[in-house]
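Take a look at the structure below.
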Amino acid sequence: MRYLLGFILCMLTFSAHTQILSEKDRASVRDEILAERFDKLLPDLMDRAEIDMWVIISREYNEDPVMKTMLPSTWLNARRRTMLVFSRKGDSIEKLAVARYNIGDAIKSAWDKEKQPDQWKALADIISSRNPEKIGINISDNYGLADGLVKTDYEELLKSLPEEYHSRLISAEDLAVGWIETRTLKEMLLFSSLVELTHEVIEEAFSTKVIEPGVTTTDDVVWWLRQKVTDLGLETWFHPTVDIQRSNEQLVDHITAFSDENGSDIILKGDLLHCDFGISYLGLNTDCQQMAYVLQDTETEAPQFLQKALAKGNRLQDILTENFNTGRTGNEILAASLEKAKAEGLKPSIYTHPLGLYGHSAGPTIGMWDQQGGVPGTGDYPLYEDTAYAIELNTEVNIPEWDKDIRIMLEEAGFWGKEGFRYVNKRQTSLILIDPSAE
(Lines give C-alpha, C1' and ligand atoms only; values in the text may rest on other atoms or scores of the structure.)
Protein backbone atom coordinates (compact mmCIF):
# COMPACT_ATOMS: atom_id res chain seq x y z
CA MET A 1 0.00 0.00 0.00
CA ARG A 2 2.83 2.38 0.85
CA TYR A 3 4.27 1.83 -2.59
CA LEU A 4 0.92 2.24 -4.34
CA LEU A 5 0.22 5.57 -2.69
CA GLY A 6 3.62 6.87 -3.69
CA PHE A 7 3.25 5.50 -7.16
CA ILE A 8 -0.20 7.02 -7.70
CA LEU A 9 1.18 10.35 -6.53
CA CYS A 10 3.97 10.00 -9.06
CA MET A 11 1.56 9.27 -11.91
CA LEU A 12 -0.69 12.20 -11.01
CA THR A 13 2.29 14.51 -10.91
CA PHE A 14 3.35 13.40 -14.34
CA SER A 15 -0.11 13.90 -15.79
CA ALA A 16 -0.12 17.51 -14.62
CA HIS A 17 3.23 18.16 -16.40
CA THR A 18 3.83 21.18 -14.19
CA GLN A 19 5.81 19.74 -11.32
CA ILE A 20 7.90 16.69 -10.59
CA LEU A 21 7.93 14.67 -7.37
CA SER A 22 9.74 16.19 -4.41
CA GLU A 23 13.08 14.65 -3.52
CA LYS A 24 11.48 12.90 -0.54
CA ASP A 25 8.72 11.35 -2.66
CA ARG A 26 11.21 10.36 -5.35
CA ALA A 27 13.25 8.59 -2.69
CA SER A 28 10.22 6.60 -1.51
CA VAL A 29 9.37 5.47 -5.03
CA ARG A 30 12.95 4.52 -5.87
CA ASP A 31 13.47 2.57 -2.64
CA GLU A 32 10.21 0.65 -3.03
CA ILE A 33 11.13 -0.31 -6.60
CA LEU A 34 14.61 -1.36 -5.47
CA ALA A 35 13.19 -3.53 -2.68
CA GLU A 36 10.94 -5.30 -5.16
CA ARG A 37 13.86 -5.87 -7.53
CA PHE A 38 15.92 -7.42 -4.75
CA ASP A 39 13.11 -9.67 -3.53
CA LYS A 40 11.42 -10.73 -6.77
CA LEU A 41 13.87 -10.18 -9.59
CA LEU A 42 17.31 -11.02 -8.19
CA PRO A 43 16.59 -14.66 -7.21
CA ASP A 44 15.43 -15.54 -10.72
CA LEU A 45 18.38 -13.78 -12.32
CA MET A 46 20.89 -15.59 -10.09
CA ASP A 47 19.24 -18.91 -10.94
CA ARG A 48 19.32 -18.09 -14.65
CA ALA A 49 23.02 -17.25 -14.47
CA GLU A 50 23.70 -20.32 -12.28
CA ILE A 51 25.51 -18.21 -9.70
CA ASP A 52 24.90 -18.89 -6.00
CA MET A 53 26.91 -15.95 -4.64
CA TRP A 54 27.45 -12.49 -6.14
CA VAL A 55 30.17 -10.27 -4.68
CA ILE A 56 30.29 -6.57 -5.64
CA ILE A 57 33.07 -4.33 -4.35
CA SER A 58 33.54 -0.58 -4.86
CA ARG A 59 35.19 2.42 -3.33
CA GLU A 60 33.63 5.82 -2.86
CA TYR A 61 33.48 7.88 -6.11
CA ASN A 62 34.68 4.91 -8.16
CA GLU A 63 31.49 2.89 -8.00
CA ASP A 64 30.83 -0.28 -9.91
CA PRO A 65 28.00 0.63 -12.36
CA VAL A 66 25.91 -2.23 -10.98
CA MET A 67 26.40 -1.09 -7.40
CA LYS A 68 25.25 2.40 -8.39
CA THR A 69 21.87 0.91 -9.29
CA MET A 70 21.63 -0.92 -5.94
CA LEU A 71 22.31 1.96 -3.57
CA PRO A 72 19.29 3.31 -1.69
CA SER A 73 18.06 6.84 -2.31
CA THR A 74 19.97 8.27 0.63
CA TRP A 75 23.26 6.81 -0.58
CA LEU A 76 24.41 9.00 -3.45
CA ASN A 77 27.73 7.17 -3.53
CA ALA A 78 29.40 4.19 -1.94
CA ARG A 79 31.06 4.86 1.43
CA ARG A 80 34.74 4.15 1.92
CA ARG A 81 35.07 0.63 0.51
CA THR A 82 31.63 -0.94 0.16
CA MET A 83 31.23 -4.70 -0.28
CA LEU A 84 27.93 -6.35 -1.15
CA VAL A 85 27.31 -10.09 -0.92
CA PHE A 86 24.20 -11.74 -2.36
CA SER A 87 24.00 -15.39 -1.41
CA ARG A 88 21.42 -18.02 -2.35
CA LYS A 89 19.68 -19.18 0.81
CA GLY A 90 16.84 -21.60 0.16
CA ASP A 91 14.12 -19.80 -1.80
CA SER A 92 15.44 -16.34 -1.00
CA ILE A 93 18.60 -14.27 -1.30
CA GLU A 94 20.65 -13.30 1.73
CA LYS A 95 21.70 -9.66 1.21
CA LEU A 96 24.72 -8.58 3.21
CA ALA A 97 27.05 -5.60 3.35
CA VAL A 98 30.61 -6.01 4.55
CA ALA A 99 30.40 -2.44 5.76
CA ARG A 100 29.92 -0.63 9.04
CA TYR A 101 26.37 0.38 8.08
CA ASN A 102 23.19 -1.16 6.77
CA ILE A 103 22.71 -0.14 3.16
CA GLY A 104 19.10 0.94 3.22
CA ASP A 105 16.47 -1.44 4.57
CA ALA A 106 17.31 -4.35 2.29
CA ILE A 107 21.04 -4.94 2.81
CA LYS A 108 22.17 -5.59 6.37
CA SER A 109 25.61 -4.85 7.77
CA ALA A 110 27.57 -8.06 8.40
CA TRP A 111 30.84 -6.54 9.63
CA ASP A 112 31.74 -5.63 13.18
CA LYS A 113 35.03 -3.80 12.79
CA GLU A 114 35.75 -3.96 16.51
CA LYS A 115 35.67 -7.77 16.40
CA GLN A 116 37.36 -8.13 13.03
CA PRO A 117 39.39 -5.04 12.03
CA ASP A 118 40.30 -6.47 8.61
CA GLN A 119 37.43 -5.88 6.18
CA TRP A 120 38.87 -8.25 3.58
CA LYS A 121 39.17 -11.02 6.17
CA ALA A 122 35.56 -10.38 7.17
CA LEU A 123 34.51 -10.82 3.51
CA ALA A 124 36.54 -14.01 3.20
CA ASP A 125 34.93 -15.41 6.36
CA ILE A 126 31.43 -14.74 5.00
CA ILE A 127 32.30 -16.49 1.74
CA SER A 128 33.91 -19.47 3.47
CA SER A 129 31.05 -19.94 5.91
CA ARG A 130 28.54 -20.18 3.05
CA ASN A 131 30.78 -22.30 0.84
CA PRO A 132 29.35 -21.26 -2.57
CA GLU A 133 30.10 -23.29 -5.69
CA LYS A 134 30.11 -20.33 -8.07
CA ILE A 135 31.07 -16.84 -6.95
CA GLY A 136 30.17 -14.18 -9.48
CA ILE A 137 32.36 -11.07 -9.68
CA ASN A 138 31.92 -8.15 -12.03
CA ILE A 139 34.56 -8.74 -14.68
CA SER A 140 33.58 -8.65 -18.34
CA ASP A 141 35.25 -8.39 -21.72
CA ASN A 142 32.05 -7.29 -23.44
CA TYR A 143 30.23 -4.89 -21.14
CA GLY A 144 31.73 -1.93 -19.33
CA LEU A 145 28.63 -1.89 -17.12
CA ALA A 146 29.46 -5.45 -15.98
CA ASP A 147 33.19 -4.82 -15.55
CA GLY A 148 33.15 -2.78 -12.36
CA LEU A 149 35.62 -4.74 -10.23
CA VAL A 150 38.83 -2.72 -10.37
CA LYS A 151 42.28 -4.32 -10.46
CA THR A 152 43.19 -3.26 -6.90
CA ASP A 153 40.06 -4.80 -5.37
CA TYR A 154 40.41 -7.96 -7.48
CA GLU A 155 43.96 -8.49 -6.25
CA GLU A 156 42.94 -7.87 -2.63
CA LEU A 157 40.08 -10.33 -3.00
CA LEU A 158 42.44 -13.04 -4.25
CA LYS A 159 44.89 -12.29 -1.45
CA SER A 160 42.28 -12.61 1.29
CA LEU A 161 40.30 -15.54 -0.10
CA PRO A 162 41.42 -19.10 0.71
CA GLU A 163 43.06 -20.75 -2.30
CA GLU A 164 40.30 -23.34 -2.68
CA TYR A 165 37.84 -20.59 -3.62
CA HIS A 166 39.92 -19.01 -6.37
CA SER A 167 38.74 -21.50 -8.98
CA ARG A 168 35.13 -20.77 -8.02
CA LEU A 169 35.39 -17.10 -9.03
CA ILE A 170 33.63 -16.57 -12.37
CA SER A 171 32.46 -13.64 -14.43
CA ALA A 172 29.04 -12.40 -13.35
CA GLU A 173 28.51 -10.80 -16.77
CA ASP A 174 25.19 -12.50 -17.51
CA LEU A 175 23.88 -11.76 -14.02
CA ALA A 176 25.02 -8.12 -14.09
CA VAL A 177 23.53 -7.57 -17.54
CA GLY A 178 20.31 -9.29 -16.48
CA TRP A 179 20.04 -7.04 -13.42
CA ILE A 180 20.57 -3.89 -15.48
CA GLU A 181 18.37 -4.79 -18.44
CA THR A 182 15.31 -6.37 -16.77
CA ARG A 183 12.35 -4.10 -16.03
CA THR A 184 9.54 -4.66 -13.57
CA LEU A 185 5.92 -3.71 -14.28
CA LYS A 186 6.14 -0.80 -11.85
CA GLU A 187 9.26 0.50 -13.57
CA MET A 188 7.55 0.29 -16.95
CA LEU A 189 4.55 2.29 -15.74
CA LEU A 190 6.93 5.01 -14.62
CA PHE A 191 8.92 4.69 -17.82
CA SER A 192 5.81 5.19 -19.95
CA SER A 193 5.15 8.51 -18.23
CA LEU A 194 8.76 9.58 -18.63
CA VAL A 195 8.69 8.79 -22.35
CA GLU A 196 5.45 10.76 -22.66
CA LEU A 197 7.11 13.72 -20.98
CA THR A 198 10.09 13.39 -23.35
CA HIS A 199 7.72 13.58 -26.33
CA GLU A 200 5.99 16.63 -24.90
CA VAL A 201 9.24 18.51 -24.35
CA ILE A 202 10.30 17.76 -27.94
CA GLU A 203 6.91 18.93 -29.23
CA GLU A 204 7.29 22.21 -27.37
CA ALA A 205 10.88 22.63 -28.60
CA PHE A 206 9.65 22.13 -32.16
CA SER A 207 7.04 24.88 -31.95
CA THR A 208 6.79 28.64 -32.44
CA LYS A 209 7.07 28.99 -28.67
CA VAL A 210 10.77 28.30 -29.19
CA ILE A 211 11.50 28.67 -32.91
CA GLU A 212 11.26 31.86 -34.97
CA PRO A 213 12.38 31.03 -38.53
CA GLY A 214 15.20 33.26 -39.69
CA VAL A 215 16.20 34.07 -36.12
CA THR A 216 16.42 30.92 -33.96
CA THR A 217 19.44 28.66 -34.37
CA THR A 218 19.71 24.93 -33.81
CA ASP A 219 22.01 25.69 -30.88
CA ASP A 220 19.30 27.90 -29.37
CA VAL A 221 16.91 24.92 -29.43
CA VAL A 222 19.54 22.61 -27.94
CA TRP A 223 20.07 24.92 -24.99
CA TRP A 224 16.33 25.45 -24.61
CA LEU A 225 16.00 21.68 -24.22
CA ARG A 226 18.72 21.61 -21.57
CA GLN A 227 17.17 24.52 -19.68
CA LYS A 228 13.65 23.08 -19.91
CA VAL A 229 14.77 19.85 -18.30
CA THR A 230 16.63 21.73 -15.58
CA ASP A 231 13.56 23.89 -14.91
CA LEU A 232 11.50 20.71 -14.51
CA GLY A 233 13.91 19.56 -11.82
CA LEU A 234 15.28 16.74 -13.98
CA GLU A 235 18.49 16.03 -15.90
CA THR A 236 19.56 15.01 -19.38
CA TRP A 237 22.02 12.13 -19.58
CA PHE A 238 23.61 13.43 -22.80
CA HIS A 239 23.84 16.78 -24.54
CA PRO A 240 20.92 17.03 -27.01
CA THR A 241 21.43 17.69 -30.70
CA VAL A 242 19.27 19.49 -33.26
CA ASP A 243 20.15 19.45 -36.95
CA ILE A 244 18.73 20.54 -40.30
CA GLN A 245 18.23 18.96 -43.72
CA ARG A 246 17.18 21.31 -46.52
CA SER A 247 16.77 21.31 -50.27
CA ASN A 248 19.93 23.24 -51.18
CA GLU A 249 22.41 21.34 -48.98
CA GLN A 250 23.80 17.87 -49.60
CA LEU A 251 23.28 15.04 -47.12
CA VAL A 252 26.23 14.75 -44.75
CA ASP A 253 27.91 11.41 -44.00
CA HIS A 254 27.28 9.40 -40.85
CA ILE A 255 30.41 10.63 -39.08
CA THR A 256 29.34 14.25 -39.50
CA ALA A 257 25.71 13.46 -38.69
CA PHE A 258 26.71 11.87 -35.37
CA SER A 259 29.07 14.63 -34.30
CA ASP A 260 28.93 18.36 -33.66
CA GLU A 261 30.70 19.22 -36.92
CA ASN A 262 27.55 20.76 -38.40
CA GLY A 263 27.75 23.51 -35.80
CA SER A 264 24.86 25.87 -35.25
CA ASP A 265 22.64 27.00 -38.13
CA ILE A 266 19.71 29.40 -38.42
CA ILE A 267 16.39 27.60 -38.85
CA LEU A 268 14.46 28.62 -41.97
CA LYS A 269 11.04 27.94 -43.44
CA GLY A 270 11.05 24.71 -45.44
CA ASP A 271 13.64 23.04 -43.18
CA LEU A 272 13.41 19.41 -42.07
CA LEU A 273 14.54 19.31 -38.44
CA HIS A 274 15.77 16.40 -36.33
CA CYS A 275 16.57 16.14 -32.63
CA ASP A 276 18.19 13.59 -30.32
CA PHE A 277 17.12 14.05 -26.71
CA GLY A 278 16.80 12.07 -23.47
CA ILE A 279 15.78 12.58 -19.83
CA SER A 280 16.86 10.92 -16.58
CA TYR A 281 14.39 10.51 -13.71
CA LEU A 282 13.81 8.01 -10.91
CA GLY A 283 16.75 5.92 -12.07
CA LEU A 284 15.40 5.54 -15.62
CA ASN A 285 16.56 7.12 -18.88
CA THR A 286 14.81 7.95 -22.15
CA ASP A 287 16.40 8.32 -25.58
CA CYS A 288 14.32 9.76 -28.40
CA GLN A 289 14.82 11.12 -31.92
CA GLN A 290 11.99 12.84 -33.74
CA MET A 291 11.63 15.01 -36.83
CA ALA A 292 9.79 18.24 -37.61
CA TYR A 293 9.09 20.44 -40.61
CA VAL A 294 8.91 24.25 -40.75
CA LEU A 295 5.98 25.21 -42.93
CA GLN A 296 6.49 27.71 -45.71
CA ASP A 297 4.05 30.58 -46.19
CA THR A 298 1.89 28.73 -48.73
CA GLU A 299 1.82 25.40 -46.86
CA THR A 300 -0.63 23.96 -44.38
CA GLU A 301 1.03 20.54 -44.18
CA ALA A 302 4.40 19.00 -44.86
CA PRO A 303 5.12 18.09 -48.51
CA GLN A 304 3.85 14.65 -49.45
CA PHE A 305 7.35 13.51 -50.40
CA LEU A 306 8.54 14.16 -46.83
CA GLN A 307 5.53 12.42 -45.33
CA LYS A 308 6.20 9.40 -47.55
CA ALA A 309 9.85 9.45 -46.51
CA LEU A 310 8.85 9.33 -42.84
CA ALA A 311 6.60 6.37 -43.61
CA LYS A 312 9.67 4.52 -44.90
CA GLY A 313 11.34 5.15 -41.56
CA ASN A 314 8.27 3.70 -39.82
CA ARG A 315 8.42 0.70 -42.12
CA LEU A 316 12.04 0.07 -41.13
CA GLN A 317 10.96 0.21 -37.48
CA ASP A 318 8.31 -2.42 -38.19
CA ILE A 319 10.77 -4.68 -39.98
CA LEU A 320 13.17 -4.49 -37.06
CA THR A 321 10.64 -5.12 -34.29
CA GLU A 322 8.98 -7.94 -36.26
CA ASN A 323 12.31 -9.75 -36.03
CA PHE A 324 12.40 -9.60 -32.23
CA ASN A 325 12.21 -13.10 -30.80
CA THR A 326 13.22 -14.31 -27.33
CA GLY A 327 16.58 -16.06 -27.49
CA ARG A 328 17.57 -14.47 -30.77
CA THR A 329 20.83 -12.53 -30.55
CA GLY A 330 21.25 -8.90 -31.42
CA ASN A 331 23.38 -9.83 -34.43
CA GLU A 332 20.75 -12.28 -35.68
CA ILE A 333 18.00 -9.66 -35.35
CA LEU A 334 20.19 -7.11 -37.15
CA ALA A 335 21.05 -9.39 -40.08
CA ALA A 336 17.46 -10.51 -40.63
CA SER A 337 16.16 -6.95 -40.44
CA LEU A 338 18.72 -5.50 -42.85
CA GLU A 339 18.09 -8.30 -45.34
CA LYS A 340 14.33 -7.74 -45.25
CA ALA A 341 14.63 -3.95 -45.48
CA LYS A 342 16.98 -4.08 -48.46
CA ALA A 343 14.69 -6.57 -50.19
CA GLU A 344 11.93 -3.97 -49.88
CA GLY A 345 14.11 -1.31 -51.49
CA LEU A 346 15.05 0.59 -48.35
CA LYS A 347 18.54 1.93 -47.57
CA PRO A 348 18.67 1.00 -43.86
CA SER A 349 21.05 1.57 -41.00
CA ILE A 350 20.11 0.04 -37.61
CA TYR A 351 21.81 0.84 -34.30
CA THR A 352 19.33 -0.13 -31.60
CA HIS A 353 20.48 -0.47 -27.99
CA PRO A 354 19.11 -1.49 -24.57
CA LEU A 355 17.60 1.31 -22.52
CA GLY A 356 16.63 1.73 -18.88
CA LEU A 357 18.86 2.10 -15.83
CA TYR A 358 21.41 3.55 -18.24
CA GLY A 359 20.88 5.31 -21.55
CA HIS A 360 23.29 3.18 -23.54
CA SER A 361 22.51 0.20 -21.37
CA ALA A 362 23.49 -3.46 -21.18
CA GLY A 363 21.84 -6.23 -23.18
CA PRO A 364 21.79 -7.23 -26.86
CA THR A 365 23.31 -4.60 -29.14
CA ILE A 366 21.42 -4.59 -32.44
CA GLY A 367 23.95 -2.94 -34.73
CA MET A 368 25.98 0.23 -34.45
CA TRP A 369 25.91 2.93 -37.11
CA ASP A 370 29.48 2.02 -38.10
CA GLN A 371 29.07 -1.75 -37.55
CA GLN A 372 26.24 -2.91 -39.77
CA GLY A 373 27.78 -6.36 -40.18
CA GLY A 374 27.21 -7.18 -36.51
CA VAL A 375 28.81 -6.32 -33.18
CA PRO A 376 31.06 -9.00 -31.63
CA GLY A 377 30.37 -9.69 -27.95
CA THR A 378 27.41 -7.49 -27.05
CA GLY A 379 25.71 -8.35 -30.34
CA ASP A 380 25.93 -12.05 -29.48
CA TYR A 381 23.88 -11.60 -26.31
CA PRO A 382 20.30 -12.97 -26.60
CA LEU A 383 17.00 -11.12 -26.29
CA TYR A 384 15.19 -11.72 -23.00
CA GLU A 385 11.67 -10.76 -21.99
CA ASP A 386 10.88 -7.74 -19.82
CA THR A 387 13.55 -5.60 -21.43
CA ALA A 388 13.47 -2.15 -23.01
CA TYR A 389 15.23 -0.74 -26.07
CA ALA A 390 15.85 2.48 -27.92
CA ILE A 391 14.60 1.50 -31.38
CA GLU A 392 17.22 3.65 -33.11
CA LEU A 393 17.74 3.59 -36.87
CA ASN A 394 17.64 5.56 -40.10
CA THR A 395 16.91 5.09 -43.76
CA GLU A 396 18.14 7.21 -46.65
CA VAL A 397 15.41 8.31 -49.05
CA ASN A 398 15.90 9.93 -52.43
CA ILE A 399 13.88 13.13 -52.84
CA PRO A 400 13.68 14.13 -56.54
CA GLU A 401 11.97 17.40 -55.57
CA TRP A 402 15.12 18.37 -53.68
CA ASP A 403 17.48 16.56 -56.08
CA LYS A 404 19.15 14.80 -53.15
CA ASP A 405 18.90 12.06 -50.54
CA ILE A 406 17.65 12.78 -47.04
CA ARG A 407 18.01 10.69 -43.93
CA ILE A 408 14.96 9.79 -41.82
CA MET A 409 16.38 9.32 -38.30
CA LEU A 410 14.06 7.91 -35.65
CA GLU A 411 14.45 6.62 -32.11
CA GLU A 412 11.68 5.48 -29.77
CA ALA A 413 11.55 3.48 -26.54
CA GLY A 414 10.21 -0.04 -27.02
CA PHE A 415 9.49 -2.97 -24.70
CA TRP A 416 9.84 -6.71 -25.29
CA GLY A 417 7.74 -8.94 -23.05
CA LYS A 418 5.62 -12.06 -22.94
CA GLU A 419 3.05 -10.47 -25.26
CA GLY A 420 5.67 -9.47 -27.80
CA PHE A 421 6.88 -6.00 -28.78
CA ARG A 422 5.20 -2.70 -28.05
CA TYR A 423 6.27 0.92 -27.97
CA VAL A 424 6.54 2.21 -24.43
CA ASN A 425 4.47 5.27 -25.26
CA LYS A 426 3.58 5.40 -28.96
CA ARG A 427 5.94 6.48 -31.74
CA GLN A 428 6.16 9.29 -34.26
CA THR A 429 4.16 8.56 -37.42
CA SER A 430 3.76 12.13 -38.71
CA LEU A 431 6.13 15.07 -38.83
CA ILE A 432 5.80 17.68 -36.11
CA LEU A 433 4.70 20.87 -37.88
CA ILE A 434 6.08 24.28 -37.01
CA ASP A 435 3.68 26.88 -38.40
CA PRO A 436 5.08 30.43 -38.29
CA SER A 437 1.70 31.81 -39.40
CA ALA A 438 0.10 30.54 -36.21
CA GLU A 439 1.80 33.24 -34.17
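The values are calculated or read from the model by the stated rules, or taken from the named source; none is laboratory data. This is a predicted model, so every value here is computed, not measured. No Cβ is skipped: glycine too gets one built from the backbone with ideal geometry, and neighbour counts run over all protein chains shown. The accessibility values were calculated without ligands, DNA or RNA, using every heavy atom of the protein model including side chains. Shrake-Rupley method; radii C 1.70, N 1.55, O 1.52, S 1.80 Å.
Distance distribution note for segment 291-439: the fraction of Cα pairs above 27 angstrom is 27%. Counting only Cβ charges, +1 for Lys and Arg and -1 for Asp and Glu, the dipole size of the chain around its Cα centre is about 1480 debye.
Computed from phi, the 3J(HN,Hα) profile of segment 421-433 under the Karplus parametrisation 6.51, -1.76, 1.60 (θ = phi - 60°) reads 9, 8, 6, 5, 8, 6, 8, 7, 10, 9, 5, 5, 9 Hz, with x in place of Gly and Pro. Computed from the C-alpha gyration tensor, the three semi-axes of the ellipsoid equivalent to the chain are 45, 24, 18 Å, from longest to shortest. Pull out a ≥ b ≥ c, the square roots of the eigenvalues of the alpha-carbon gyration tensor of segment 123-210, then state rounded if a/c is under 1.5, prolate if not and a/b is larger than b/c, and oblate in the remaining case. Cα axes put segment 123-210 in the prolate bin. Counting heavy atoms of the protein chains alone, residue 239 has an accessible area of about 80 Å² for a 1.4 Å probe.
Rounded to whole numbers, the Karplus 3J(HN,Hα) couplings from phi for segment 325-334 are 7, 3, x, 6, 7, x, 5, 5, 4, 4 Hz, using 6.51 cos²θ - 1.76 cosθ + 1.60 with θ = phi - 60°, and x at Gly and Pro. Per residue, the solvent-accessible area of the chain (1.4 Å probe, heavy atoms of protein chains only, all protein chains present) comes to 45 Å².
Give the angle, between 0 and 90 degrees and rounded to the nearest 10, that separates the Cα long axis of helix 119-130 from the longest principal axis of the Cα atoms of the chain. The angle comes out at about 80 degrees. Applying 0.36 nm per residue to the separation of residue 219 and residue 405 and subtracting their alpha-carbon distance, the gain on full extension is 64.5 nm. For segment 29-156, dividing the convex hull volume of the Cα atoms by the residue count gives 114 Å³ per residue. Take every Cα pair under 8 Å whose residues are at least 6 apart in sequence, average their separation, divide by the length of segment 167-283, and the relative contact order is 31 percent. For segment 267-322 versus segment 146-211, the spacing of their alpha-carbon centroids is 28 Å.
Treating each Cα of segment 163-247 as an identical point scatterer and ignoring solvent, apply the Debye formula and state log10 I(q)/I(0) at q = 0.10, 0.12, 0.18 Å⁻¹. Debye curve over Cα of segment 163-247, log10 I(q)/I(0) at q = 0.10, 0.12, 0.18 Å⁻¹: -0.47, -0.58, -0.90.
Remark: segment 206-307 carries a charge dipole of roughly 280 debye about the Cα centre, counting +1 on each Lys and Arg Cβ and -1 on each Asp and Glu Cβ.
With N as its number of residues, segment 399-439 has a Cα radius of gyration that, divided by 2.2 N^0.38 Å, comes to 1.81.
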